[in-house]
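One structure below.
Values quoted throughout were computed directly from the atomic coordinates according to the rules given, and no laboratory measurement underlies them. Since this is a predicted model, take the numbers as computed values, not measurements. Reconstructed Cβ throughout: ideal geometry from the backbone, glycine too, with neighbour counts over all protein chains shown.
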Amino acid sequence: MSRKRKTAYYVIFLILTVIVWVMCVSLWNIFRVKNILIEGVRDMKGIQPFYGKHMFFLAPDTIKQNLIVANPSLIDVIVEKHYPQSLYIAASKKRPAVIVMLADGLLYLSDDGTVLEKNKQEPDASLPFIRYYQPLFYNQYAIGEKLDISEIHSASVLTAMVLELGIRVRSIDITNENMILLRADEFDIVATSQKDVARQFQELEYTYKQLRIGGKKFTSIDIRFEKPVIKLI
């Protein structure tokens, strides 16, 4: 083979190599994230790092966990990869259910006990506030953590359930683990953290509806015991 022909083959080989390399790089870059569509929550943190990442190396479950860590109030998070270069993220937010009065501030809790916000300002008058029998302090708790106090957890869950009956709780006094007093607009509800909350609610719901049907007036329903105790007017 002549030297001139060898040179021609070499040049052609180089050109083809460059073309293939350019095509590979172009195809590789096509699958980098350029668009992120967010639905439901606009002020979501932790989105920026995903821009420019390669779609093949992104796992929706990992993205979901990262977003929940960065945004403790998120629930119902959905992450989908839309090829070639888009992510779809949908989520909703936990809402404050109660306010815990601290010795030096306030904690806003969701109905599952997650700390959504804490501050030292005036409480939101639209939410029921919890007075706990032991002093709790502002620096003990961080946003995103769950308050590991069984009485407060029971009170938060029960308050959210009671709201479904159209009963608005104004305040909650917890004097001990066996005495959770929910003060509603028209009557009081006495509960305990030592009995299943769902069972207590079922008993409350049945009793409340029966009292309404019977047209009876009452000041409190105590659901701590085997059978509800009703204080009639």
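Exposure proxy for Ile149, Ile172, Ile47: other Cβ atoms within 10 Å of each Cβ, ordered fewest to most, give Ile47, Ile149, Ile172. A Stokes-Einstein calculation at 4 °C with viscosity 1.567 mPa s, built on the Kirkwood radius of region 98-232 over Cα pairs, returns a diffusion coefficient of 85 µm²/s. Summarising the amide proton neighbourhood of Asp112: residues at separation of 5 or more, or on other chains, whose placed amide H is nearer than 5 Å comprise an empty set. In this structure, the amide hydrogen of Phe218, modeled 1.01 Å from its nitrogen in the peptide plane, lies closer than 5 angstrom to those of Ile233, counting only residues at least 5 positions away or on a different chain.
When Rg and Dmax are taken over the Cα atoms of region 32-93, they come to 10.6, 30 Å.
Secondary structure note: in the chain, about 70% of the DSSP beta bridges are antiparallel. When the P(r) of the chain is calculated, the portion above 29 Å amounts to 51% of the C-alpha pairs.
In this structure, the amide hydrogen of Arg168, modeled 1.01 Å from its nitrogen in the peptide plane, lies closer than 5 angstrom to those of Asp185, counting only residues at least 5 positions away or on a different chain. The phi-based Karplus calculation (6.51 cos²θ - 1.76 cosθ + 1.60; θ = phi - 60°) puts the 3J(HN,Hα) values of region 187-195 at 7, 9, 10, 10, 10, 9, 8, 8, 9 Hz, whole numbers, x for Gly and Pro. Helices of the chain meeting both criteria, an alpha-carbon length of 18 angstrom or more along the long axis and an average Kyte-Doolittle score not below 1.0, with helices taken as full DSSP H segments, are 3-30. Checking every one of the trypsin sites (Lys or Arg not before Pro) in region 163-225 against DSSP loop status and a limit of 12 other Cβ atoms within 10 Å picks out Lys216, Lys217. Which one of Pro96, Pro135, Pro72 has the biggest mean-square fluctuation once the chain is modelled by GNM with Cα springs under 10 Å? With Cα springs under 10 Å in the chain, the top fluctuation among Pro96, Pro135, Pro72 is at Pro135. For Lys53, a cut-off of 18 angstrom between C-alpha atoms picks up these lysines, skipping any fewer than 8 places away in its own chain: Lys34, Lys45, Lys64, Lys81.
Per-residue ellipticity at 222 nm computed for the chain from its helices equals -10500 deg cm²/dmol, with DSSP H segments shorter than 4 residues left out and the rest contributing -39,500 (n - 2.57).
Counted over region 98-232, the DSSP beta bridges are approximately 70% antiparallel.
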